[in-house]
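Since the structure comes first, as structure tokens, the remarks are kept for the end.
The values are calculated or read from the model by the stated rules, or taken from the named source; none is laboratory data. Not measured: the values here are computed from a predicted model. Cβ coordinates were reconstructed from backbone atoms using ideal geometry, including for glycine residues, and neighbour counts include every protein chain displayed. Each accessible area value is taken on the protein alone, full model and side chains, heavy atoms only, with ligands, DNA and RNA left out. Shrake-Rupley method; radii C 1.70, N 1.55, O 1.52, S 1.80 Å.
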Amino acid sequence: MKKNVFVFLLALTGNLAGNTQQTDYPFTPVPFTSVKLTDQFWLPRIQINHSVTIPASFERCDKTGRIKNFIMAAEKSGKFCTTYPFDDTDIYKTIEGASFSLSLFPDKKLEGYIDSLITIVARAQEPDGYLYTARTINPASPHGWAGPERWVKERELSHELYNSGHLYEAAAAHFQATGKRNLLDIALKNADLVCSVFGPDKRHTAPGHQVVEMGLVKLYRLTGKKEYLNTAKFFILERGNYKGYDPKNKDPWRNGAYWQDHLPVLQQKEAVGHAVRAGYLYSAVADVAALTGDTALLNAIDSIWVNLVTKKIYVQGGAGAVGAGERYGENYELPNATAYNETCAAISNVYWNQRMFQLHGEAKYIDLLEKILYNGLLSGVGLDGKSFFYTNALQIRHNFRHNDMEAERSGWFECSCCPTNVCRLLPSVPGYMYAIRDRDVYVNLFAASTASLQLGKQTFTIEQQHDYPWNGQLRFMVKTKGKIPFTLRLRIPGWARQEAIASDLYYFGDKKQTDIRIKVNGIPVTYQTEKGYALLNREWKTGDQVEMELPMEVQRVYSNDKLKENQGLVSLQRGPLTYCAEWADNEGRTSNLVLPAGKRLTAEFIPSLLRGVTVIKGEAISVQTGKDGLSVSSRQQPFTAIPYYAWANRGKGEMSVWLPETIKDLSIIAY
Ligand code: FUB
Ligand code: ZN
């Protein structure tokens, strides 16, 4: 953090003497700015995000009229010219991503452009802080979802508070990256308005689309202003109070579950409703639980997390199975061809799982975070950095008879929440790698990098040298001034302990446990494990080296019997990566493939394919239907699977994550 930012923080919090915050997450992440990536997997993606995704996103905000909306709001004339009242957030989210990116790649031109946008945003803000172009342009005729007066449709669809939440998140990131107050001042003015309108003795509304709660917490952290935290908690506790729903109605819009408003949060035990709203709610609940020590809130999200991981998550970490309502389905309702899996839902679950780790210090949350990051989330952005998936199917079949999911990426969407969410997530990935508690240093994610860490007054670095996720030979080099005692807690990924996920929802065919070997300075050590971490406690000094060997065998993954859709089907995993078969590598089709059990599968790194991937190879049986539509034949053919995140970068065609092991489990679709 820049020095002037620190001075400002002191100035902001100075008036709160005696009211300093006592409680917070026990496990503190090391900021993304302290970890310099040198790897071949994340760094190129974060660079492309900076050089391609962010400029493309700003350009699209401009071309589609999103910026014009702010200009018209400032002039109070014209007609809101995009589709959704939350289109303002695409600008906020891109500013947030660009701000994170500026911390990694200083760029005066980009910084100047952001300043020019902030000037436009500032002019669109009403004198009392209200900022919502869909109304301000012409309050007499606001957007159809906005309602005739401010806030009256907030519980449903206006997204006024959603817009505010993304503004706060962007402002916090921009202030931390640049030390400038221009966006923060806009956000604080808006937050002060929100806090003056909503509260126990004021207006009661559960926000229609959560994120304002997370945003308020960020502003609280920056300013120390308790009202922001109190309002965030108020919004969380408002859920379940609305009397207009019919609890007996199965329709989630009528019983309130779509908005997670069917029950008070303290009574919620299941992940339900719109999946992005849910992920942001659960993240905010974690924040507020951490900052207030409210164990009832903590227990609620603990239960919801168990429901997610035991019954509602796809094998690649995607969530939100049902298209109608972009929402969670029933327990074990995880269809493949119609899997909705919005990219934003995956992103929201990364936020949530990081917070669960910060609350509990258990590796199982990072195991899930890693799964989402490398698979269900990363598939949302193409290798070019400017083509995206909004939904992330697990199967694409040729005639799409049963399938209306996206088989091709798009540069932008009318509702373009996902691309701009990717913009802000990617630069922050190094921030998920390390955490600290007392004298424990947690190594959560693996990527070649140098991290600058601090324990008390002592600083040191840990350098990761390896080629993860392709290779499991990991090396960590320590550099200190003098000797520093601490416990290095190395995450042993669940998948390396033969655990496909931290539940019985999916399991590996090969249940044979292999010991994970760890050496310190070349000598094998015995070590204790706790909560998924290997503990290495010693006085560390420059030159100390830790090696950990993770098994990189190809794993066959199977599903719980209750997941009916997947009975008889297998999927493949190697390291943290879920694999899929794509048409381009399998003679043009995948819906006709059978992958017999017990057949050898091998891994091979191909530098020229999809910017360098390890593929899985073997033999499959392919089934052909006769032209007469009455006969079938089968033959052996070579089989190749690619990492799921890399599919749909070579044109449109079939893709399957799950494949039958016998012909009787194949649903044949003829050309
Ligand atoms: O409602 C705002 C955003 O648009 C949601 O998070 C997405 O699911 C999309 O509906
Ligand atoms: Zn989205």
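Remarks
- Consider segment 466-486 and keep the residues that are within 18 Å of Ile516 (Cα to Cα) and of a type outside the set (Phe, Trp, Tyr). The one that is nearest to the chain's Cα centre (by Cα) is Pro469.
- The set of residues from segment 333-357 being open to solvent by 20 Å² or more (accessible area, probe 1.4 Å) and polar (S, T, N, Q) comprises just one member, Thr338.
- Identity of the residue in segment 151-175, among the charged types (D, E, K, R) and in contact with a helix residue (DSSP H, G or I) (Cβ under 7 Å, 6 or more places away or on another chain), that ends up farthest from ligand 2 (Cβ to nearest atom): Glu154
Table: residues versus (1) buried (at least 23 other Cβ atoms within 10 Å of the Cβ); (2) at positive phi; (3) assigned to a loop (DSSP other than H, G, I, E, B).
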position	(1), (2), (3)
Glu111	no, no, no
Val121	yes, no, no
Trp145	no, no, yes
Val152	no, no, yes
Ala170	yes, no, no
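- Only one of the listed residues (Asp467, Asp440) is touching a Gly at 6+ places or on another chain (Cβ under 9 Å), of a type in the set (Asp, Glu) and open to solvent by 10 Å² or more (accessible area, probe 1.4 Å). That residue is Asp440.
Table: residues versus (1) within 19 Å of Lys218 (Cβ to Cβ); (2) of a type outside the set (Val, Ile, Thr).
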residue: Glu238; (1), (2): no, yes
residue: Asn241; (1), (2): no, yes
residue: Lys250; (1), (2): no, yes
residue: Asp261; (1), (2): no, yes
residue: Pro264; (1), (2): no, yes
residue: His274; (1), (2): no, yes
residue: Gly279; (1), (2): yes, yes
residue: Val285; (1), (2): yes, no
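- Qualifying residue in segment 397-410 (condition: within 16 Å of ligand 1 (Cβ to nearest atom) and not in a loop (DSSP other than H, G, I, E, B)): yes
- Which numbered condition Phe446 misses (of (1) of a type in the set (Phe, Trp, Tyr); (2) surrounded by fewer than 23 Cβ atoms within 10 Å (Cβ to Cβ); (3) away from ligand 1 (no atom under 16 Å from the Cβ)): (2)
- Among residues that are more than 15 Å from ligand 2 (Cβ to nearest atom), at negative phi, open to solvent by 20 Å² or more (accessible area, probe 1.4 Å) and touching a helix residue (DSSP H, G or I) at 6+ places or on another chain (Cβ under 7 Å), Ala296 is included.
Quick grid of which residues meet (1) open to solvent by 20 Å² or more (accessible area, probe 1.4 Å); (2) within 16 Å of ligand 2 (Cβ to nearest atom); (3) more than 23 Å from Tyr533 (Cα to Cα):
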| site | (1), (2), (3) |
| --- | --- |
| Trp305 | no, no, no |
| Glu326 | yes, yes, yes |
| Asn331 | yes, no, yes |
| Ile366 | no, no, no |
| Lys371 | no, no, no |
| Asn375 | no, no, no |
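- A count restricted to segment 255-279 and to residues that are more than 16 Å from ligand 1 (Cβ to nearest atom) and either closer than 17 Å to Gly317 by Cβ or open to solvent by 20 Å² or more (accessible area, probe 1.4 Å) (or both) stands at 8.
- 2 or more residues touching a residue at least 12 places away in the same chain (Cβ under 8 Å) and either charged (D, E, K, R) or assigned by TED's automatic domain parsing to the domain that holds Ala581 (or both): qualifying strands (runs of 3 or more DSSP E) within segment 455-570: 473-480, 484-491, 517-520, 533-540, 545-549, 554-559
- Breaking point among (1) surrounded by 19 or more Cβ atoms within 10 Å (Cβ to Cβ); (2) at positive phi, for Gly179: (1)
- Residue check for Tyr282: of a type outside the set (Asp, Glu), open to solvent by 10 Å² or more (accessible area, probe 1.4 Å) and within 16 Å of ligand 1 (Cβ to nearest atom): no
- Subset of segment 196-205 that is open to solvent by 10 Å² or more (accessible area, probe 1.4 Å) and outside any helix (DSSP H, G or I) - its residue that is nearest to ligand 1 (Cβ to nearest atom): Thr205
- Verdict on Thr420 being outside any helix (DSSP H, G or I) and either at pLDDT below 95 or not acidic (Asp, Glu) (or both): no
- Residue within segment 594-601 that is exposed (fewer than 15 other Cβ atoms within 10 Å of the Cβ), free of Cβ contacts under 8 Å to residues at least 40 places away in the same chain and at positive phi present: yes
- Per the listing Ser379, Ser428, the residue uniquely modelled with pLDDT of 95 or more, more than 12 Å from ligand 2 (Cβ to nearest atom) and open to solvent by 10 Å² or more (accessible area, probe 1.4 Å) is Ser428.
- The set of residues from segment 617-671 being open to solvent by less than 30 Å² (accessible area, probe 1.4 Å), outside any strand (DSSP E or B) and either among the acidic types (Asp, Glu) or touching a Cys at 6+ places or on another chain (Cβ under 8 Å) (or both) comprises Tyr644, Trp647, Glu654, Val657.
- Per the listing Thr178, Thr136, the residue uniquely β-branched (Val, Ile, Thr), more than 16 Å from ligand 2 (Cβ to nearest atom) and more than 25 Å from the chain's Cα centre (by Cα) is Thr136.
- Criterion (surrounded by fewer than 15 Cβ atoms within 10 Å (Cβ to Cβ), farther than 30 Å from Leu666 by Cβ and of a type in the set (A, V, I, L, M, F, W, C)) met by exactly one of Ile492, Ile516, Ile523, Ile484: Ile523
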